[in-house]
1. Which numbered condition trips up residue 160, out of (1) surrounded by 12 or more Cβ atoms within 10 Å (Cβ to Cβ); (2) at pLDDT below 90?
2. Considering 24, 19, 15, 34, which residue is surrounded by 13 or more Cβ atoms within 10 Å (Cβ to Cβ) and at pLDDT below 60?
3. Restricting to the range 101-114, give me the number of residues that are surrounded by fewer than 16 Cβ atoms within 10 Å (Cβ to Cβ) and part of a helix (DSSP H, G or I).
4. Quick check on the range 115-139: of everything there that is surrounded by fewer than 18 Cβ atoms within 10 Å (Cβ to Cβ) and in contact (Cβ under 8 Å) with a residue 60 or more places away in the chain, which residue is nearest to residue 68 (Cα to Cα)?
5. Does residue 41 meet the test of being under 20 Å from the mean Cα position of the chain (by Cα), in a helix (DSSP H, G or I), under 26 Å from residue 97 (Cα atoms) and at pLDDT 60 or above?
6. Could we say that residue 135 is in contact with a Leu (Cβ under 6 Å, 6 or more places away or on another chain), of a type outside the set (Phe, Trp, Tyr), part of a loop (DSSP other than H, G, I, E, B) and modelled with pLDDT of 90 or more here?
7. Give the range 46-69 a look and list any residue that's surrounded by fewer than 21 Cβ atoms within 10 Å (Cβ to Cβ) and either touching a Cys at 6+ places or on another chain (Cβ under 7 Å) or acidic (Asp, Glu) (or both), or say none.
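The values are calculated or read from the model by the stated rules, or taken from the named source; none is laboratory data. Owing to the predicted nature of the structure, the values given are computational and were not obtained by experimental measurement. So basically every Cβ, Gly included, is an ideal-geometry build from the backbone, and we count neighbours across all protein chains shown.
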Amino acid sequence: MQAMQVKSGFALERPAGLPADTAPQAAYRHILVPCDGSASSLLGLDEAVRLARQIGAKVRVVHVIDELLGATGFEPAAVYSRDVLVGLRNLGADLLEAARARAAAAGATVETRLIESGGHAIVDRIIEQARDWAADLIVIGSHGRRGAARLFMGSDAEHILRLSPVPVLIVRRPRPESFATLDANRMS
């Protein structure tokens with residue numbers, strides 16, 4: 001096999017003997033992108049779209065509703081199902097439409113899925129979606145929390161990385177130069 005360099009810096013394999021104008025086969029055909037509407041999840045979406053356009057992969061954006069998020073336990077079931085759950089579904093649908101429009105503006109077509117957690121962890125539903133759709137890659141944005149914030153809040157990206165049956169690309173916002181300088185000074 002012969003390695004072929006692609007714009008983003010990764011290489012695709014081309015079997016030896018194929019003419020140079022033959023398109024290489026992409027290692028990733030289905031890219032799954034969990035999206036919660038945060039700035040970091042949108043960075044993940046942008047990277048997935050960029051990668052998919054370069055290699056001709058399909059992108060599926062998923063949003064998982066945590067039905068228990070808005071429950072206090074004090075509201076009657078009718079109020080919960082009429083107001084809270086409907087509101088979460090509407091918010092999720094709006095978020096996915098915004099993600100679809102963002103991808104379209106970048107010249108890509110994505111499909112979207114709104115999933116209810118059903119009392120399971122959101123991460124478990126994302127992994128389940130990766131298996132069901134036969135995803136080859138999960139691209140997820142990360143807040144890049146460190147220290148106590150990471151310890152107490154956890155990291156969905158880290159949980160997905162640990163549980164995923166496929167490779168995971170974690171995208172995070174570059175740290176400001178001032179933080180990099182502080183870290184370098186601490187190391188010296």
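1. (2)
2. Selected residue: 24, the only one of 24, 19, 15, 34 that is surrounded by 13 or more Cβ atoms within 10 Å (Cβ to Cβ) and at pLDDT below 60.
3. 3
4. Looking at residues that are surrounded by fewer than 18 Cβ atoms within 10 Å (Cβ to Cβ) and in contact (Cβ under 8 Å) with a residue 60 or more places away in the chain, I get 133.
5. Judged against the criteria, residue 41 is a match.
6. Working: in contact with a Leu (Cβ under 6 Å, 6 or more places away or on another chain): yes; of a type outside the set (Phe, Trp, Tyr): yes; part of a loop (DSSP other than H, G, I, E, B): yes; modelled with pLDDT of 90 or more: yes.
Yes; evaluated as a whole, the condition is true for this residue.
7. Those that are surrounded by fewer than 21 Cβ atoms within 10 Å (Cβ to Cβ) and either touching a Cys at 6+ places or on another chain (Cβ under 7 Å) or acidic (Asp, Glu) (or both): 46, 47, 66, 67.
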